[in-house]
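Chemist: This is the structure I want to talk about, given as structure tokens.
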Amino acid sequence: MVVVTGAAGFVGYQMVKLLESRNISVLSIDTPKAFLERPEHADAKYRDVLDYKDLVPALATRAREIKGIVHLGACTDTTEMRWEIHQTLNVDASQALWNFATQIGVPFVYASSAATYGGGELGYADDEGTMDRLVPLNPYGQSKLKFDLWALAEEKAGRAPPAWSGFKFFNVYGFGERHKGRMGSVVLQAFDQIRAQGFVRLFRSHKAGIGDGEQKRDFVFVEDVVSVLDFALTQPLLRGIYNLGSGQARSFLDLTRAVFKSLKTIPTIDFIDTPLDIREKYQYFTEANLEKLRGAGFKAPMTTLEAGVERTVEQLKKAAQA
């Protein structure tokens, strides 16, 4: 049995689907409410579920069944400024699960974030030797970096699962994220805006030399993300922290135009000012260096932005018609 935390979340839902498709027993961890309120997840077979509260004691009663843990549960709201929430959900809970995996001797795979890179002043190479120099731009990124550094220190002290790997997620998009609301990907937001009003709003650039909509991110298709997580779990990857992106930065204009094309609609884009509360912390460029992941043996090609957007839009259209 594989434990998946955050199973009713965006990536967790896709992870459960993948494991179930291979007839792997899954113990899905999330809030009970989340399993009931997300109709887009109807095709995920949450056969065995557990509340996230008092999680480790509950897991301990089933320790003999557990063969691996995929830890995706977290507060992923980058606009949440209350540190205590990130400390509890992203640091304390992750440490407890790491310790549990170490105790029972099973592989531990977890989600970190590209938010740990901050403004990208040190680049986007997943070099563990320089991670302590990174300066995230928000509490979310700080919490993810804090756990990364803690995990490395625990390994150095001889307290680590038999196999472990953390993945710095870049900008993940795909089907199944409507419950995220304002934190949903630009693909979902563009789809909804085009259908509702015929145009898309994007943030205006406030940085010299970068045009409106030319801000670039590494957009990675969610099905590629879960393929990497599955690879890490089943190999398993012996150890380490890795980037997980497409490996290619693309502009928000590229992404938005791909949504318009998938909907067979002429692109119409309205640029608005980036809100003041996030303007100074806004990333203008991210791009995953995938050399380390490729060197670890993951060779499958990543889905192109155009192909991933087209597939996502088709799934969103079907869901809207259901």
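Chemist: For helix 10-21, what angle does its Cα long axis make with the longest principal axis of the chain, in degrees from 0 to 90 and rounded to 10?
Modeler: The angle comes out at about 60 degrees.
Chemist: If amide hydrogens are placed 1.01 Å from N in the peptide plane, which non-local residues have theirs closer than 5 Å to the one on residue 113?
Modeler: 169
Chemist: Relative to the present Cα-Cα distance, how much length would full extension add between residue 282 and residue 58 at 0.36 nm per residue of separation?
Modeler: Taking 0.36 nm per residue and subtracting the Cα distance, the gain is 76.7 nm.
Chemist: For the range 194-200, take each phi angle, set θ = phi - 60°, evaluate the Karplus expression 6.51 cos²θ - 1.76 cosθ + 1.60, and give the result in whole Hz per residue in order, putting x for glycine and proline.
Modeler: Values per residue, Gly and Pro as x: 5, 5, 8, 9, x, 8, 10 Hz.
Chemist: Take every DSSP beta bridge whose two residues both sit in the chain, then give the antiparallel share in percent to the nearest 5.
Modeler: Around 5 percent antiparallel, to the nearest 5.
Chemist: Please compute the contact order of the chain in relative form: average sequence separation of alpha-carbon pairs under 8 Å and at least six residues apart, divided by the residue count, as a percent.
Modeler: Relative contact order for the chain comes out at 17 percent.
Chemist: Would you please state which residues of the range 163-206 a label at residue 266 would reach in this model, taking the label point 7 Å out along Cα→Cβ and a backbone N cut-off of under 12 Å?
Modeler: none
Chemist: Give the long-range amide H neighbours of residue 247: residues separated by 5 or more places, or on another chain, with amide H under 5 Å away, using H modelled in the peptide plane at 1.01 Å from N.
Modeler: Here the answer is 288, since their amide H atoms fall under 5 Å of that of residue 247.
Chemist: Determine which residues of the range 214-253 fall in the zone a paramagnetic label at residue 132 would reach in this model, i.e. backbone nitrogen under 19 Å from the point 7 Å along Cα→Cβ.
Modeler: 240-242
Chemist: Once both axes come from the Cα atoms, what is the angle between helix 252-262 and the longest principal axis of the chain, in degrees from 0 to 90, rounded to 10?
Modeler: The angle comes out near 80 degrees.
Chemist: Moving to a separate point now. Measure nothing but the geometry: give the 0 to 90° angle between the long axis through the Cα atoms of 139-156 and the longest principal axis through the Cα atoms of the chain, rounded to 10°.
Modeler: Computed tilt is about 30 degrees.
Chemist: For the range 1-71 and the range 104-176, what is the separation of their C-alpha centers, rounded to whole Å?
Modeler: Comparing the Cα centres of the range 1-71 and the range 104-176, I get a distance of 22 Å.
Chemist: Using only alpha carbon pairs under 8 Å that are at least six residues apart, calculate the relative contact order of the range 236-322 and give it in whole percent.
Modeler: Averaging sequence separation for qualifying contacts and normalising by length gives 50 percent for the range 236-322.
Chemist: What does the charge dipole of the chain about its Cα centre add up to, to the nearest 20 debye, if the Cβ of each Lys and Arg holds +1 and the Cβ of each Asp and Glu holds -1?
Modeler: 500 debye
Chemist: I'd like the GluC sites (Glu not before Pro) in the range 1-70 restricted to DSSP loop residues with at most 16 other Cβ atoms within 10 Å, sorted by number.
Modeler: Within the range 1-70, the qualifying GluC sites (Glu not before Pro) (loop, at most 16 other Cβ atoms within 10 Å) are 37.
Chemist: Another one. Based on the alpha-carbon gyration tensor of the range 172-322 and its eigenvalue square roots a ≥ b ≥ c, which shape applies: rounded if a/c is under 1.5, prolate if not and a/b is larger than b/c, or oblate?
Modeler: Oblate.
Chemist: Related question: For residue 271, which sequence-distant residues (separation of 5 or more, or a different chain) have an amide H within less than 5 Å of its own amide H, given hydrogens modelled in the peptide plane?
Modeler: 202
Chemist: Share of antiparallel DSSP beta bridges in the range 172-322, in percent to the nearest 5?
Modeler: Roughly 20 percent of the beta bridges in the range 172-322 run antiparallel, per DSSP.
Chemist: With θ set to phi - 60°, apply the Karplus curve 6.51 cos²θ - 1.76 cosθ + 1.60 along the range 306-311 and write out the HN-Hα couplings as whole Hz, x wherever there is a Gly or Pro.
Modeler: Listing the rounded values in order: 4, 5, x, 5, 4, 5 Hz.
Chemist: Further question: In percent, what relative contact order does the range 101-166 have, based on Cα pairs under 8 Å that are 6 or more apart in sequence?
Modeler: Taking the mean separation of contacting Cα pairs over the length of the range 101-166, I get 49 percent.
Chemist: I need the phi-derived Karplus couplings for the range 205-221: 6.51 cos²θ - 1.76 cosθ + 1.60, θ = phi - 60°, integer Hz, Gly and Pro marked x.
Modeler: 3J(HN,Hα) across the range 205-221, in whole Hz: 6, 10, 10, 4, x, 10, x, 4, x, 8, 4, 10, 9, 8, 8, 10, 6.
Chemist: How would you rank 86, 179, going from fewest to most other Cβ atoms within 10 Å of each one's own Cβ?
Modeler: With the fewest neighbours first, 86, 179 line up as 179, 86.
All of the numbers you see were taken from the coordinates with simple rules; none came from a lab. As the structure is a prediction and not an experimental result, all values here were calculated from the model. As a convention, Cβ positions derive from the backbone with ideal geometry for all residues, glycine included, and neighbour counts pool all protein chains shown.
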